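This report refers to the structure that appears directly beneath it.
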């Protein structure tokens, strides 16, 4: 199963770094959107999560279903990327 993973982050967010390290360890490919470097994309974070905090991870499966995880939550991250 192919899943598209996007992590919304900022430059100095330790929990963002932990989410990216988690995916690196698991061998999960992901895209990074740094909302400090691309402030025009902050609206996406707000629309996905209802807040402006990061990290926000969006996992979209091959059927287009989306799972949004706010923060560093191992259980939710595991469930979202499970095959």
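Report the percentage of all Cα-Cα pairs in the range 6-46 whose separation exceeds 12 Å, rounded to a whole percent. Within the range 6-46, distances greater than 12 Å cover 58 percent of Cα pairs. Note on the chain: GNM, Cα springs under 10 Å; of 63, 34, 11, the largest mean-square fluctuation is that of 63. Computed extension gain for residue 31 through residue 2, at 0.36 nm per residue and net of the alpha carbon distance, reaches 9.1 nm. Of the three principal axes defined by the Cα atoms of the chain, the extents in descending order read 32, 25, 18 Å.
Tally the DSSP beta bridges in the chain and give the antiparallel ones as a percent, rounded to 5.
70
When shorter helices are ignored and each DSSP H run of at least 4 residues is given -39500 (n - 2.57), the per-residue value for the chain at 222 nm works out to -10000 deg cm²/dmol.
Relative contact order for the chain: what percent, with Cα pairs under 8 Å and sequence separation of 6 or more?
Details: 127 pairs, mean separation 29.9, N = 83.
For the chain, the relative contact order is 36 percent.
Here the gap between residue 76 and residue 24, fully extended at 0.36 nm per residue and compared with their Cα-Cα distance, gives a gain of 17.1 nm. Computed from Cα positions, the angle between helix 14-26 and the longest principal axis of the chain comes to roughly 20 degrees.
No value in this document is a laboratory result; all are computed from the given coordinates. Remember, predicted model here, so these are calculated numbers, not experimental data.
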